[in-house]
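Scroll down for the structure; my scribbles are underneath it.
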2 protein chains.
Amino acid sequence: MVFMRSVSIIGGGLTPFGEHWDKNFKELIAEAGVNAIKDSGVERKDIEAVYGGCMASGRFVGQEHIGALIADQLGLNPIPSTRLEAACASGGVALRTGILAVASGAYDIVAVGGIEKMTEVSTEDAGFALGGAGDQETELFMGASFPALYAMMARAHMEKYGTTEEQLAEVAVKNHKNAVNNPNAQFRREITVDDVMNSGYITSPLKLLDCSPITDGAAAIILASTEKAKEISDTAVEILASTQASDTLALAQRRTLYETDAAKIAGDQAYKKAGITPKDISFAEVHDCFTIAEIMAIESLGFCKKGEGGKFTADGNTQMSGEIPINPSGGLKGKGHPVGATGVAQAIEAYLQLNGKAEKRQVKNPEYGLTHNVGGSGATAVVHIYKKL
Amino acid sequence: MVFMRSVSIIGGGLTPFGEHWDKNFKELIAEAGVNAIKDSGVERKDIEAVYGGCMASGRFVGQEHIGALIADQLGLNPIPSTRLEAACASGGVALRTGILAVASGAYDIVAVGGIEKMTEVSTEDAGFALGGAGDQETELFMGASFPALYAMMARAHMEKYGTTEEQLAEVAVKNHKNAVNNPNAQFRREITVDDVMNSGYITSPLKLLDCSPITDGAAAIILASTEKAKEISDTAVEILASTQASDTLALAQRRTLYETDAAKIAGDQAYKKAGITPKDISFAEVHDCFTIAEIMAIESLGFCKKGEGGKFTADGNTQMSGEIPINPSGGLKGKGHPVGATGVAQAIEAYLQLNGKAEKRQVKNPEYGLTHNVGGSGATAVVHIYKKL
């Protein structure tokens, strides 16, 4: 499992994340794509292929064939352009596929994008579309929506390890605090533990402010072979590891409800490939679709011991000033979660942080960054590790 | 654009194509996957990653996260498993992505699948889902369904080159004739030009029997690095070229209505990469979603001159006994067109033909095979060229 050659990020661009009533699906793609191309310094003619992550455009906007649509919107025809889907990890698998394509020798420079426009349908229809990330036949069709699936994981974690609702709330409080400093974030306002505790149950023990929002947004990055990146970029960030693992689609089939095996496997493989340990990571963007998801993520990725994620968070270790800043961008909770875009946006945050360009949310002298993107209730996990070239 | 290493097919498996009222989405995947693994002679533990093509499962069966679902159904966890989408070329891009992944050095052996279960929804809903292959905003939402888009291309081709409705009918007649000899085909019965001419207009000049059907089905193949394939397989078929090109999503934006530029570009690149010319190809599986599509395909791929596809077909050149047998499997018209599976099924036909295992539809002593898979009205085209190792 050694790539034929190394791959680096040489630019990134985003739309603001939020409710875009004045822009359609295509316009979001164009905006993020143009921003990424400008940032990278390459010209459109230099881009040889496109990989775009999108989860459920068929349900959200009635449109498939997203690869061709992206190339078209950006005037990149006739290069190959392909859509990747792995539910909420669609952006992560698009990134990973772009990396493999460059590593294969087929291309020197490719664009990777992620998009979701989720606000064109009713909340009920959005819930149905998102249910497609799980096993519809045995989950959503039987009443287990995504908040319910994560609520079961939270309940199991609380029973097994004594994790409290207040500890879960601390995740949301921290991520909102970080989002204040992210101009592209959906929620740029601080909240308190009391706010979370009083925000009303969606599915006990998860309350409204334990849940990431419905969001519109797009993100894009430009990848180059590291050899090429050295020639053309001063800001290149090398991708030291790109790993992906799968677990059962249905939560009920898993080994446990309080651990996420796919994330553990992808994380362990990534550390091994990069030749480092969790202690070496300077910051991480993890998939906090619900607060419990961040707790389980930091345990699976080895930033704290199994079962101690709640306490580790409440003790402040994951704050910007803590031992390992988690989600400096604001995470899915504070920044927003346009599902297909999330994995790509995480990589952009790593790119900015490692270049010292994250402004008011800058982590101090970061060396290694990590991103962790999850599909569904954990059936897909994608981990990347980055270092400034 | 030279791959770091060569990749070969070492096995393939299909479900029958047709209306599967007794099998669900998951069961079709399991059946094709198990058939492919058995055929390849590898064990499940040897497979390192999965790439699955599927166009619109969200619309057809309410399910996304198809990569994880495939790995789960086949007991392949925890290996990475990812869905690819490019409308009706989803299978083709899944194949191409699997090839890049092996060429990248990340994996020695991967599985590639394709699936679509189209009969769970009404014909109207299926039409809406398929409209997502075009530019919904300016096409289907304005009344231009897929038969209408291809009807416009047919009309333009007829006006420009004098192509006749009878010549279009000859495509359907030939493909039904070939399908009789394919045990997995949806329509194993011969039809006549008169049958086509009298089958009623769907959108003039296209009649019912000019159109490929709504189909359920799945297909899977196993890929290995050619180095590995030489060690473990006697039936390996090397992939000499894997190319993909994009055109505008909306038909109205194209350079012309009577030529398919993406197919021409992907075809030319493939011939160059394989170091051969159209004359060297022994047979081709092309994307005949409508009869006019096959006419335009054989022109774009250089099997006949521009504008002469209708006459070339009517003269018998694309028959099994002709100069260049086109769609020995029966094509999309005769074999059926479960959109996400089609590109993978085409590759299986090439694999069988080049191994002399195509039974009653065997092409005589084939040397090079070609497959051509199209998304939408031509916004994505994927071409592969194969040779027995």
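Observations on the model:
- Scan of the stretch B:20-49 for residues that are of a type outside the set (Gly, Ala, Ser), assigned to a loop (DSSP other than H, G, I, E, B) and out of contact with any Asp or Glu (no Cβ under 6 Å at 6 or more places or on another chain), ordered by number: B:TRP21, B:ASP22, B:LYS23, B:ASN24, B:VAL42, B:GLU43, B:ILE47, B:GLU48
- Residue check: B:ALA86 meets all listed conditions (1) more than 7 Å from chain A (Cβ to nearest Cβ); (2) within 27 Å of B:GLN353 (Cβ to Cβ); (3) touching a residue at least 60 places away in the same chain (Cβ under 8 Å) but one, namely (1).
- Residue ID - farthest from B:PHE17 (Cα to Cα), chosen from residues in the stretch B:127-147 that are surrounded by fewer than 18 Cβ atoms within 10 Å (Cβ to Cβ) and touching a residue at least 40 places away in the same chain (Cβ under 8 Å): B:THR138
- Among the residues of the stretch A:284-337, those identified as surrounded by 24 or more Cβ atoms within 10 Å (Cβ to Cβ) and either at pLDDT below 95 or of a type in the set (S, T, N, Q) (or both) are A:THR291, A:SER300, A:THR313, A:THR318, A:ASN327, A:SER329.
- When A:GLY334, A:GLY356, A:GLY375 are checked against the criterion of being in contact with a His (Cβ under 7 Å, 6 or more places away or on another chain) and more than 24 Å from A:ALA245 (Cβ to Cβ), A:GLY334 stands alone in meeting it.
- Yes/no for B:ALA103 being in contact with a strand residue (DSSP E or B) (Cβ under 7 Å, 6 or more places away or on another chain), surrounded by 24 or more Cβ atoms within 10 Å (Cβ to Cβ), modelled with pLDDT under 95 and at the interface with chain A (Cβ under 7 Å from one of its Cβ atoms): yes
- Of all the criteria given as (1) part of a helix (DSSP H, G or I); (2) in contact (Cβ under 8 Å) with a residue 40 or more places away in the chain, the one not satisfied by A:ILE115 is (1).
- From the list B:SER204, B:SER199, the one residue that fits, being free of Cβ contacts under 8 Å to residues at least 12 places away in the same chain, hydroxyl-bearing (Ser, Thr, Tyr), more than 14 Å from chain A (Cβ to nearest Cβ) and surrounded by fewer than 19 Cβ atoms within 10 Å (Cβ to Cβ), is B:SER199.
- Scanning the stretch B:242-283 for residues that are aliphatic (A, V, I, L, M), assigned to a loop (DSSP other than H, G, I, E, B) and surrounded by fewer than 24 Cβ atoms within 10 Å (Cβ to Cβ) gives B:ALA250, B:LEU257, B:ILE276.
- B:LEU95 vs. criteria free of Cβ contacts under 8 Å to residues at least 60 places away in the same chain, within 23 Å of B:HIS20 (Cβ to Cβ) and in contact with a helix residue (DSSP H, G or I) (Cβ under 7 Å, 6 or more places away or on another chain): no
- Residue in the stretch A:250-263 that is in contact with a strand residue (DSSP E or B) (Cβ under 8 Å, 6 or more places away or on another chain), over 21 Å from A:ALA151 (Cα atoms) and assigned by TED's automatic domain parsing to the domain that holds A:GLU159 present: no
- Leading residue by the ranking (nearest to B:GLY132 (Cα to Cα)) among those in the stretch A:29-47 that are within 14 Å of another protein chain (Cβ to nearest Cβ) and among the hydrophobic types (A, V, I, L, M, F, W, C): A:ILE29
- In the set (1) touching a strand residue (DSSP E or B) at 6+ places or on another chain (Cβ under 7 Å); (2) buried (at least 24 other Cβ atoms within 10 Å of the Cβ); (3) facing another protein chain (nearest Cβ under 9 Å); (4) not in a helix (DSSP H, G or I), the condition left unmet by A:VAL110 is number (3).
- Matching residues, the stretch A:310-357, being in a strand (DSSP E or B) and farther than 19 Å from A:MET296 by Cβ: none
- Only listed residue being under 30 Å from A:ASP108 (Cβ atoms) and in contact (Cβ under 8 Å) with a residue 24 or more places away in the chain, chosen from A:LYS273, A:LYS264: A:LYS273
- For first residues located in the stretch B:7-28 and more than 17 Å from B:GLY52 (Cβ to Cβ) and within 14 Å of another protein chain (Cβ to nearest Cβ), partners that are outside any strand (DSSP E or B) and of a type in the set (Ser, Thr, Tyr) and lie 6+ apart or on another chain with Cβ distances below 7 Å form the pairs B:VAL7/B:THR226.
- B:ALA68 vs. criteria under 27 Å from B:ASP125 (Cβ atoms), surrounded by fewer than 21 Cβ atoms within 10 Å (Cβ to Cβ), modelled with pLDDT of 95 or more and of a type in the set (A, V, I, L, M): no
- Enumeration of residues in the stretch A:126-143 that are aliphatic (A, V, I, L, M) and more than 7 Å from chain B (Cβ to nearest Cβ): A:ALA126, A:LEU130, A:LEU140, A:MET142
- Odd one out for B:MET320 among (1) within 21 Å of B:ASN184 (Cβ to Cβ); (2) free of Cβ contacts under 8 Å to residues at least 40 places away in the same chain: (2)
- Among all residues of the stretch B:50-61, there is at least one that is facing another protein chain (nearest Cβ under 7 Å), closer than 17 Å to A:ALA86 by Cβ and of a type outside the set (A, V, I, L, M).
- Only listed residue being within 14 Å of the chain's Cα centre (by Cα) and in a helix (DSSP H, G or I), chosen from B:ALA293, B:ALA381: B:ALA293
- Counted as qualifying within the stretch B:131-234 are the helices (runs of 4 or more DSSP H) with 3 or more residues that are assigned by TED's automatic domain parsing to the domain that holds B:GLU359 and within 20 Å of B:ASP315 (Cβ to Cβ), namely B:146-161, B:165-179, B:193-197.
The values are calculated or read from the model by the stated rules, or taken from the named source; none is laboratory data. All of these numbers come straight from a predicted model, not from anything done at the bench. Because the Cβ atoms are built from the backbone with ideal geometry, glycine has one as well, and the counts that use them run over all protein chains shown.
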